[in-house]
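K.L.:
The structure's right below; bear with me while I get my questions together.
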Amino acid sequence: MFLSVFDMFKVGVGPSSSHTMGPMVAAAQFLDVMRASPFEFHGLKGSLHGSLAFTGVGHATDRATILGLAGFLPDSYDHEKAEAALDHIRETETVQPDGLPVLKFNPREDLKFDFGPNLPGHANGMILMATDAQGDVILQETYYSIGGGFVLTEKELTEGKATDEGAPVPYPFKSAVEMLEMAEHSGKTIAEMKKSNEVARGCHDSLTKGCARIWQVMNDCIDRGLTTDGTLPGGLNVRRRAKAIHDALQAERGMNLNAPHTINDWMSAYAMAVNEENAAGGQVVTAPTNGAAGVMPAVIRYWLDHVPGATASRIDEFLLTAAAIGGLVKFNASISGAEAGCQAEVGSASAMAAAGLCAVMGGTPEQVENAAEIALEHHLGMTCDPVKGLVQVPCIERNGLGAIKAVSAASLALRGDGQHFVPLDAVIETMRQTGADMHEKYKETSLGGLAVNVPNC
């Protein structure tokens, strides 16, 4: 099983990897199918299903799909160009992607929210269609946004798309047990094994540059969030809080006013800064999703700014270790809130961050696995019930608590010798089963929990 570090960490746009980035990617893939087709196309249509319909407006799913059909991609997204494109589409009721003719597309009529039963493959389903001059559908594809920006067609999902396409890798672990066995036999750390796998599929230079870009985007996102205030869009009138918290923490430095637990406020400020940027539609890194994008950057920033001996030269090690754990969770369970609740998003992010922190603080592979297990275990059962379908309440604060749990989990693991009662594989399987048993209304539909028990306007 191989999932690249660049699969787990993608540069993209908020507010959601599954509901914003995924539909945009699906639309881009559909355009590629159209470009390769011999048909003459005149128009586009689409429908959003399941969670993409129920929370689609709050997650900007319609906006992302429209922009995707106009040729926009998450990793090269430009906000000003996107706004101009949306205005042009509304005015002309057309799109003209590169390599295709002008296509009739009126989003108000041609992009439907279907609130009926989910499509059979996944809670996040969408159907895209291309029409001829008479308006008849001559090309159609069903896509599923399965979390973290990953997209599969109906055929790929049904047949089980391979995750091992490409050159063989030296350490193809599919479980934590296999990972630890390979580490013991090879004498390598988890990050070293992951790096060897990455190099087998690419080159060392692209890995180094790619990891540097991931952290740069993460860190820039923190900095933007820490210096921006105001009210978040969407109608809840949620105030940005990260800047005020950070300003207060900076003012208190050196005044002997801080209790030891104030470090939690620093971590929360870093995480909330990222998720406020995400909620505003800014540039973030899926880690492993947008809804959980603040956990990893917050823990890395905590480590760099507050832990003696930390050095940016080891960020690669942090990211590679975290990606190895995230790959196990995705392969054996899910990172999709619509599929398994927030345990699959913030829970997975916390496990990944705990593993990365444990590794760079000298943890053995056994201690790293223990750190991930502790963090994930104590997110089991967490629902995904965003108020008004927005990635704001409870998502923003939840990332802060996920970061705090990650640091606590890493610290507890480092106090032990790596031997522990519950293995990570068992927790991942429990998370999968819990997600399968969880009532649909608690899985990113805004039909239960906080979403119906707090004022949403």
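K.L.:
Dipole of the chain, Cα-centred, from +1 at each Lys and Arg C-beta and -1 at each Asp and Glu C-beta, to the nearest 20 debye?
P.N.:
Numbers: 34 positive and 54 negative charges, 154 e Å.
With only Lys, Arg, Asp and Glu charged at Cβ, the dipole is about 740 debye.
K.L.:
Please give the net charge around Ala338, taking every other residue with its beta carbon less than 13 angstrom from that of Ala338, where Lys and Arg add +1 and Asp and Glu add -1.
P.N.:
Net charge in that neighbourhood comes out at -3.
K.L.:
By average Cβ neighbour count within 10 Å, what is the ranking of 172-178, 390-396 from highest down? Mind dumping the intermediate values first?
P.N.:
Working: 172-178: 17.7, 390-396: 24.9.
The most tightly packed comes first, giving 390-396, 172-178.
K.L.:
Count neighbours as other Cβ atoms within 10 Å of each site's Cβ, and list the chymotrypsin sites (Phe, Trp or Tyr not before Pro) in region 63-138 that are DSSP loop with at most 16 such neighbours.
P.N.:
Numbers: sites: Phe72, Tyr77, Phe105, Phe113, Phe115; in loops: Phe72, Tyr77, Phe105, Phe115.
Loop-located and lightly packed - Phe115.
K.L.:
Output the relative contact order of region 281-358, whole-number percent, from Cα pairs under 8 angstrom with separation of 6+ residues. Can you show the working numbers first?
P.N.:
Values: 78 pairs, mean separation 31.6, N = 78.
For region 281-358, the relative contact order is 41 percent.
K.L.:
Hey, which of these cross-link pairs are over 22 Å Cα-Cα: Lys155/Lys194; Lys330/Lys443; Lys194/Lys405; Lys112/Lys388; Lys10/Lys194; Lys174/Lys195?
P.N.:
Details: Lys155/Lys194 30 Å; Lys330/Lys443 17 Å; Lys194/Lys405 24 Å; Lys112/Lys388 19 Å; Lys10/Lys194 17 Å; Lys174/Lys195 16 Å.
From the list (Lys155/Lys194; Lys330/Lys443; Lys194/Lys405; Lys112/Lys388; Lys10/Lys194; Lys174/Lys195), the Cα-Cα distance tops 22 Å for Lys155/Lys194; Lys194/Lys405.
K.L.:
Also, I was wondering about something else. Post the alpha-carbon centroid distance, region 187-248 to region 358-404, in whole angstrom.
P.N.:
15
K.L.:
Right, here's the next one. Can you find, among Thr445, Val295, Phe331, the residue farthest towards the positive end of the dipole of the chain? Put +1 on the C-beta of Lys and Arg, -1 on that of Asp and Glu.
P.N.:
Val295
K.L.:
For Rg and Dmax of the Cα atoms in Å, the choices are (1) 21.7, 74; (2) 26.6, 84; (3) 21.1, 63; which was calculated from the structure?
P.N.:
(1)
K.L.:
Between the alpha-carbon centers of region 98-169 and region 266-331, tell me the distance in whole angstrom.
P.N.:
Comparing the Cα centres of region 98-169 and region 266-331, I get a distance of 30 Å.
K.L.:
Still on this model: Which whole-number percent is the relative contact order of region 176-453 (Cα, under 8 Å, 6+ apart)? If you can, show how the numbers build up before the last one.
P.N.:
Values: 484 pairs, mean separation 56.7, N = 278.
Once normalised by length, the contact order is 20 percent.
K.L.:
Further question: What are the extents of the Cα atoms of region 331-457 along their three principal axes, listed from largest to smallest and rounded to whole Å?
P.N.:
Computed over region 331-457, the largest-to-smallest principal extents equal 49, 26, 20 Å.
Values quoted throughout were computed directly from the atomic coordinates according to the rules given, and no laboratory measurement underlies them. Since the structure is predicted, the reported quantities are computational estimates derived from the model, not experimental observations. A quick note on method: Cβ atoms are made from the backbone with ideal geometry, for glycine too, and the neighbour counts reach across all protein chains shown.
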